[in-house]
Structure formats: structure tokens, C-alpha cells
Amino acid sequence: MHRNFEIKILEQSWLKNCSANKDLCSHGRISLVIGDTKIAEDKEIFGISESALAMLRTIDSNHSKDNRVADRMIFHGCGTILMMGCPIGIDWNVSHLEGQVVQISDVVWYPQTDINKAVHYNGLIAKMPLSEYCPAVVSFACQAREFFKGMKKEIDDNFDKNQYEEFWAEYNQLLGEYSKKSE
């Protein structure tokens with residue numbers, strides 16, 4: 001099987017009108033290739049850290065419209081609320097098949113809030129060994145997490161603080177577990 005899934009962070013930052021201490025998730029441009037199709041590699045800003053957690057969840061779990069592990073696989077970078085994106089973003093199904101094979105299908109890019117304007121990549125299906133999918137996701141998640149190193153967040157609201165702590169507890173637990181699998 002040839003390489004069927006590549007995701008890389010091209011640029012990562014905080015929201016322009018938000019201080020780094022207050023922005024709870026990172027944002028930026030990514031390169032996303034599924035199969036032989038470039039899905040993203042332009043000026044669109046996505047929610048990097050949120051997308052990393054969504055994808056980490058799919059290393060051992062299926063994701064589809066009927067069985068979601070997150071609202072989107074790639075969140076839009078429009079806000080600071082963790083794991084609660086707007087309808088803009090990129091989504092796809094992740095299925096775990098027999099023999100440690102991962103299948104990505106039903107890729108849809110929602111470039112705006114009107115879901116009728118969605119771009120469907122009909123017929124795009126990529127299959128790869130879990131041993132290829134896992135390291136790609138782990139590498140993306142490691143790079144996203146590195147951006148937060150040494151960053152002290154100022155969170156005034158207890159709900160937001162709890163959400164932030166729960167986000168990173170799950171993120172670090174999954175990343176630690178899957179980093180071992182990707183070696």
C-alpha cells in the first residue's frame with residue numbers, strides 16, 4: 001500500500017485579536033492529503049489543537065456521521081471554545097477494517113456555515129495500515145502540543161478552566177498511548 005494520508009501543520013498561531021494567554025486552542029494552516037487528493041493547503045485557518053485531539057480519538061475508534069468522536073475531524077479556526085466548532089471545517093469517516101487497516105471515506109469540506117455549499121469528494125477512499133495512519137496523526141498531535149509548551153493560560157471562568165484541563169488530560173493520555181504504538 002502506498003502513502004494515503006498526510007497531514008502537516010504549515011503555520012500555527014493564536015487568534016489575532018486574542019492574547020496568547022487567553023486563547024485556549026491553536027490555529028493555523030495545514031496541508032491535508034487523502035489518497036492522491038489535496039484537500040487543504042491554502043490560506044484557510046483551522047483549529048489545530050482541537051483537530052489533533054479529534055484525530056487522536058480515531059486511532060482506535062471509528063468516526064462517521066452516525067458515530068461521531070468529534071463535530072469535525074478538522075475544526076475551523078474561528079473561536080476559542082474547545083471542541084465546539086462552527087459548521088465550517090473538514091470531516092471524513094474513519095473505519096477500522098480487519099487486518100489493522102484504516103479506511104478514510106466520505107470526505108466533505110464545509111467552507112462556510114451553509115452546509116448546502118459543502119464540497120463532497122465523492123468516491124475518494126483511502127486505505128492504509130494502522131501502522132501508517134497512527135504515526136501521521138501522532139506526529140501532527142505532537143507538533144500541535146509543542147506550540148503550547150511553557151504557555152501559561154489565564155482562564156477566569158471555572159467552566160472554561162475545567163474544559164481546558166479535561167481537553168489536555170485526554171489529549172496527553174491518548175498521545176502517550178499512541179506514541180508507543182507509532183514507534
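Values computed for the structure shown
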| quantity | calculated |
| --- | --- |
| Test: residue in region 12-21 that is closer than 26 Å to residue 177 by Cα and at pLDDT 90 or above | yes |
| All positions within region 99-130 that are modelled with pLDDT under 95 and of a type in the set (Asp, Glu) | 114 |
| Strands (runs of 3 or more DSSP E) (entirely within region 1-73) containing at least 3 residues that are surrounded by 16 or more Cβ atoms within 10 Å (Cβ to Cβ) | 5-13, 27-34 |
| Residue check for residue 55: within 17 Å of residue 26 (Cα to Cα), at pLDDT below 90, out of contact with any strand residue (DSSP E or B) (no Cβ under 6 Å at 6 or more places or on another chain) and aliphatic (A, V, I, L, M) | no |
| Restricting region 103-158 to residues that are over 18 Å from the mean Cα position of the chain (by Cα) and acidic (Asp, Glu), the residue that is surrounded by the fewest Cβ atoms within 10 Å (Cβ to Cβ) | 156 |
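The values are calculated or read from the model by the stated rules, or taken from the named source; none is laboratory data. Note that the structure is predicted; figures quoted are calculated from it, not measured. Cβ sites come from the backbone with ideal geometry, for glycine too, and all protein chains shown count toward neighbours.
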